[in-house]
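Have a look at the structure below before the remarks.
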Amino acid sequence: MNRARLAIAIAVVAVFAVVGGVIILAGENHGGRNLTFNVTVTGARSMSVAPCYPATCSSDTLSATQNDNVTINITSDTTGEVHLHGYDIAFNAIAGQTVSHTFKAVTTCDCILEWESTGTPIGALLVNP
C-alpha cells in the first residue's frame, strides 16, 4: 500500500510541475506584438514618448521583443532627420508634422535614435530576444 501512495504522490507532484511550467512559459513574451510609439522630438535634442507604459518604454528608451511589429510615429518641432541606427531607418521630420515607419524587430539591439545632422543621441530602441 505504501508503494501505491508513493506513486500517486509522485504523479501529483509531476502534474503540478508540468502545469506550473506551462503557466510560466505562457506568460513570457515571445514577440509578435504590435507596438506603436508616439515620439515627440524637442529642439533636436531630446524626445518623449506618449503613451508610455513601463513595459514598453521610458522617457527616452523604447522597448520591444524580437519579432514584434513596431510602429514609430515621430513629431518634431524642428525639420531634420531622426535616424534609427541598427535598423538604418531615416525619419525625415518636418516641423509640426508626423512621420511614421513600421518594421518587424528582427534584430536584437540597443539601437540609438539620433538627430542625424548634429549626431546628437535623443533616445534608443531596445530590442530584447
>> With the requirement that a residue be in a strand (DSSP E or B) and open to solvent by 10 Å² or more (accessible area, probe 1.4 Å), what does segment 69-86 give you?
In response: ASN69, THR71, ASN73, THR75, GLY80, GLU81, HIS83
>> Given the criteria at pLDDT 90 or above and out of contact with any Phe, Trp or Tyr (no Cβ under 7 Å at 6 or more places or on another chain), does PHE103 qualify?
In response: no
> When TRP115 is evaluated against the numbered criteria (1) over 17 Å from the mean Cα position of the chain (by Cα); (2) within 16 Å of ASN38 (Cα to Cα), which criterion, by number, is the only one it fails?
Replying inline: (2)
> Cβ-Cβ below 6 Å, separation at least six or inter-chain, first residue in segment 26-40 and exposed (fewer than 13 other Cβ atoms within 10 Å of the Cβ), second at pLDDT 65 or above: which pairs?
Replying inline: GLY32/ASN67; ASN34/ASN69
> How many residues are surrounded by fewer than 16 Cβ atoms within 10 Å (Cβ to Cβ) and part of a loop (DSSP other than H, G, I, E, B) if we restrict to segment 87-97?
Replying inline: 5
>> Quick check on my filter: what residues within segment 100-121 are part of a strand (DSSP E or B) and within 13 Å of GLU81 (Cβ to Cβ)?
In response: HIS101, LEU113, GLU114, TRP115, THR120
> Within segment 104-129, which residues are out of contact with any Asp or Glu (no Cβ under 9 Å at 6 or more places or on another chain) and exposed (fewer than 14 other Cβ atoms within 10 Å of the Cβ)?
Replying inline: VAL106, THR107, ASP110, THR118, GLY119, PRO129
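The values are calculated or read from the model by the stated rules, or taken from the named source; none is laboratory data. Since the structure is predicted, the reported quantities are computational estimates derived from the model, not experimental observations. All Cβ positions, glycine included, derive from the backbone under ideal geometry; neighbour counts span all protein chains shown. For the accessible areas, the whole protein counts, side chains as well, though only heavy atoms, and no ligand, DNA or RNA atoms are used. Shrake-Rupley method; radii C 1.70, N 1.55, O 1.52, S 1.80 Å.
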